[in-house]
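Before I ask anything, let me first share the structure, which is written out below as structure tokens.
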């Protein structure tokens, strides 16, 4: 399993990404995450979901090696059936504990959580997909638009920069920055606070906040989805992804 689950006192379900070395996102991880989120959603004893990544890397985004090998079609078709969408739309409070890099799809995974907390350090957070030719699925785009400040979301996506924690907070990627040795305790304290809130009211308010973005997702046509798949499989995108993989392998 690419996602491990365990429970903490107070109704806290902790989901930990477990696909070393950098928790790269592939079909397996997205399906395992969906199963884990759906299980938490059905369990009345679970009041809050706390999402964790690795110590150095929360998630480095899409598995570019698998993408370069032709997995883009299957990934592009997941959308509303994948784990990130399930995490974004689950009615319970969600928290991202970001202890390291959260890049591209890893940043989308973090943005899918209601609350995002990181620690001091030199790790990077941001959406750099445009720089190497990856077209955003509708769901990922709406997660970003719903979570980031309206006046700069276009710049953040199209300029494709990543940021250290202080600037990431300034741009809305995270809500809090704490000392590294306080990160888990702070996230658990926040989780226990949210676990005390009446769940029906929280779910109602969260649904209303998400409704405009979900309407955009629901309006996407099959033709548009097919076009995305073809774009991911295009020679231009494949060339850009292969070049990106080559560049990363030299680091």
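Given points 7 Å out from each Cα along the Cα-Cβ axis, report the residue 167 to residue 120 separation in nanometres with one decimal.
Label at residue 167, label at residue 120, 1.9 nm between them.
Right, here's the next one. Working from Cα positions, state the angle (0 to 90°, nearest 10) between the long axis of helix 138-147 and the longest principal axis of the chain.
50 degrees
Using 0.36 nm times the number of residues separating residue 193 and residue 42, minus their current alpha carbon distance, what extension gain do you get?
52.3 nm
Same structure, new question: Once label points are set 7 Å from the Cα along Cα→Cβ at both residue 239 and residue 28, what is their separation, rounded to one decimal in nm?
Taking the two extended label points, one gets 3.2 nm.
Give the angle, between 0 and 90 degrees and rounded to the nearest 10, that separates the Cα long axis of helix 27-42 from the longest principal axis of the Cα atoms of the chain.
20 degrees
Something else about it: With a point put 7 Å past each Cα toward its Cβ, work out how far residue 56 is from residue 223 in nm, to one decimal.
So the label points at residue 56 and residue 223 sit 4.8 nm apart.
Nearest 5 is fine: what % of DSSP beta bridges in the range 3-195 come out antiparallel, could you say?
30 percent
Of 140, 240, 110, which is the most mobile in a GNM of the chain whose springs link Cα atoms less than 10 angstrom apart?
Greatest mean-square fluctuation among the candidates belongs to 240.
Once the Cα atoms of helix 199-218 and of the chain are each reduced to a long axis, what angle between those two axes, in degrees from 0 to 90 to the nearest 10, is obtained?
10 degrees
For the range 52-126 and the range 196-249, what is the centre-to-centre distance using only Cα atoms, to the nearest Å?
A separation of 11 Å, based on Cα centres.
Then there is this: How large is the helix-only mean residue ellipticity at 222 nm for the chain, computed as the sum of -39500 (n - 2.57) over DSSP H runs with n ≥ 4, divided by its residue count, in deg cm²/dmol to the nearest 500?
After summing the helix terms and dividing by the residues of the chain, the value is -14500 deg cm²/dmol.
Can you tell me which of 103, 157, 125 moves the most in a GNM of the chain? Springs connect C-alpha atoms under 10 Å apart.
Per the Cα network of the chain with a 10 Å cutoff, 157 tops the list.
The numbers here are math on the coordinates, done by the rules we state, and not lab data. Here the structure is a predicted model, which is why all the values come from computation and not from measurement. Glycine also receives a Cβ, built like all others from the backbone with ideal geometry; neighbour counts cover every protein chain displayed.
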